[in-house]
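Participant: Below: one structure in structure tokens.
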Amino acid sequence: MKRFGALEAGGTKMVCAVGDETGRILDRVSLPTLTPAETMPAMIDYFRDKGISALGIGCFGPVDLNRASPTYGYITSTPKLSWQNYPIVEKFREALGIPVGFDTDVNAAALGEATWGCTRDVQNSIYITVGTGVGVGVIIDGKPYHGMMHPEGGHVLLNRHPDDPMVGSGCPFHDNCMEGLAAGPSLEKRWGVKGAELSGRKEVWELEAYYIGQAIVDYMMVLSPERIILGGGVTHQECLLPMVRREVEKQLGGYLRCPALENLDTYIVPVSLNDNQGAMGAIKLAMEELGVYN
């Protein structure tokens, strides 16, 4: 059985893994995301002797996914300045001499769930991660959606709650986008402490559910997904997911009626792959780049 490399390239850490065509993770390490000069040699060294046939990369962005573009495979206008305009696909391809599949980190996670996880029985789904930032991976007809560039669902614009005590936003670009209102740094900006220290405060999570629920309704109206996955560090609060479901039902106002929405417990669901969805999706990217389909 062939072995495949997987890279979850995040703004804080790089998760390097090796797996097989069943999605099974055989080995995994985590490295801090420093500069390319510091981080790339360590990642290349990790993959070089693993006997992998191809590498898949799910990468923080923005990135260039247009294969006809001269900067395909580049990390482009990221706020991590040392990684701006960095040709990450080309560097790995040259160093390892193998095919390299490429997509956003959230599209890779969505693909992992769609291939081996809780959305494998539907063709259209979205994966939302709410953590240090907000990202949305979109699967349409079984494949990651790109469009003009790639989805940036963390920056959909939302209506502020009239009782929101936060002044300004957690996003440097927008006063009222989902990331600026609902990501981890926004929680800290609003309440003065990190989300992990706010578990007992109902008003914190009601407001968080209001924003996440509003964004989910927007995604439902535009993309009509058959199932929605909600993940990321902020969603580890046990009370949050039921609150989000109630908020979605409230904000839908009875407008959408179909069998999938009769039970929101099975429509808006948590991640199912033990936080391996990103690495497993990267394995799938590697397999498809090599022409291996399961």
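Participant: Going down the list Lys202/Lys284; Lys80/Lys250; Lys80/Lys194; Lys189/Lys250; Lys2/Lys80; Lys91/Lys143, which pairs span over 32 Å between their C-alpha atoms?
Facilitator: Flagged as over cut-off: Lys202/Lys284; Lys80/Lys250; Lys2/Lys80.
Participant: Cα centroids of the range 42-60 and the range 218-261: how far apart, whole angstrom?
Facilitator: Measuring centre to centre over Cα atoms gives 35 Å.
Participant: If you don't mind, there's one more thing I want to ask. Please report the net charge: other residues with Cβ closer than 14 Å to the Cβ of Asn176, K and R +1, D and E -1.
Facilitator: -1
Participant: Between exposed GluC sites (Glu not before Pro) in the chain, where DSSP calls loop and at most 13 other Cβ atoms lie within 10 Å, what's the longest gap? Provide the component values of the computation, followed by the final result.
Facilitator: On the way: sites that count: Glu238, Glu262.
In the chain, the maximal stretch lacking such sites is 1-237.
Participant: Might you report the magnitude of the Cβ-based charge dipole of the chain about its Cα centre, with Lys and Arg at +1 and Asp and Glu at -1, to the nearest 20 debye?
Facilitator: In debye, rounded to 20, the chain gives about 280.
Participant: Here is a further query. Looking only at Arg93, Arg67, Arg120, which one moves most when the chain is put into a Gaussian network model with springs between Cα atoms under 10 Å?
Facilitator: So, out of Arg93, Arg67, Arg120, the one fluctuating most is Arg67.
Participant: In addition: Using r as the Cβ-Cβ distance of Glu90 and Glu188, and R0 as 30 Å, what FRET efficiency do you calculate, to the nearest 0.05? Walk me through the numbers on the way to the answer.
Facilitator: Numbers: r = 37 Å, r/R0 = 1.24.
My answer for the efficiency is 0.20.
Participant: Still on this structure: What is the mean projected area of the alpha carbon convex hull for the chain, to one decimal in square nanometres?
Facilitator: With every direction weighted equally, the projected area is 15.1 nm².
Participant: What do you reckon, how do Lys194, Lys91, Lys50 stack up by accessible area (1.4 Å probe), largest on top?
Facilitator: Reading off the accessible areas and sorting them downward yields Lys194, Lys91, Lys50.
Participant: Kirkwood-based Rg over Rh for the range 168-281 (C-alpha set), two decimals?
Facilitator: That ratio equals 0.97.
Participant: What are the semi-axes of the equivalent ellipsoid of the range 175-220, taken as the square roots of 5 times the eigenvalues of the Cα gyration tensor, listed largest first and rounded to whole Å?
Facilitator: They are 19, 12, 7 Å, listed largest first.
Participant: Something else now. Name the residue, out of Met43, Met220, Met149, whose mean-square fluctuation peaks in a Gaussian network model built on the chain with Cα pairs under 10 Å.
Facilitator: Met149
Participant: P(r) for the range 1-113, please, calculated from all Cα pair distances in 10 Å bins and given in %.
Facilitator: Whole-percent P(r) values from 0 Å outward: 14, 52, 31, 3.
Participant: Mean-square fluctuation check for the chain, GNM, Cα pairs under 10 Å: which of Asp175, Asp27, Asp103 is largest?
Facilitator: Comparing Asp175, Asp27, Asp103 in a Gaussian network model of the chain, the most mobile one is Asp27.
Participant: Which one of Ile139, Gly19, Asn66 is farthest out on the positive end of the charge dipole of the chain, using unit charges on Cβ (Lys, Arg +1; Asp, Glu -1) and the Cα centre as origin?
Facilitator: Of the options given, the answer is Gly19.
Participant: Take every DSSP beta bridge whose two residues both sit in the chain, then give the antiparallel share in percent to the nearest 5.
Facilitator: 55
Participant: Can you sort Tyr255, Tyr211 by solvent-accessible area, 1.4 Å probe, largest first?
Facilitator: Descending order: Tyr255, Tyr211.
Participant: Let me ask you something else. Quote the accessible area belonging to Ser30 in square angstrom, nearest 10, computed with a 1.4 Å probe and with ligands, DNA and RNA left uncounted.
Facilitator: The accessible area comes out at roughly 70 Å².
Participant: What are the semi-axes of the equivalent ellipsoid of the range 198-242, taken as the square roots of 5 times the eigenvalues of the Cα gyration tensor, listed largest first and rounded to whole Å?
Facilitator: 22, 12, 7
The values are calculated or read from the model by the stated rules, or taken from the named source; none is laboratory data. All values derive from a computational prediction rather than experimental measurement. Glycine also receives a Cβ, built like all others from the backbone with ideal geometry; neighbour counts cover every protein chain displayed. For accessibility, only protein heavy atoms count, side chains too; no ligands or nucleic acids. Shrake-Rupley method; radii C 1.70, N 1.55, O 1.52, S 1.80 Å.
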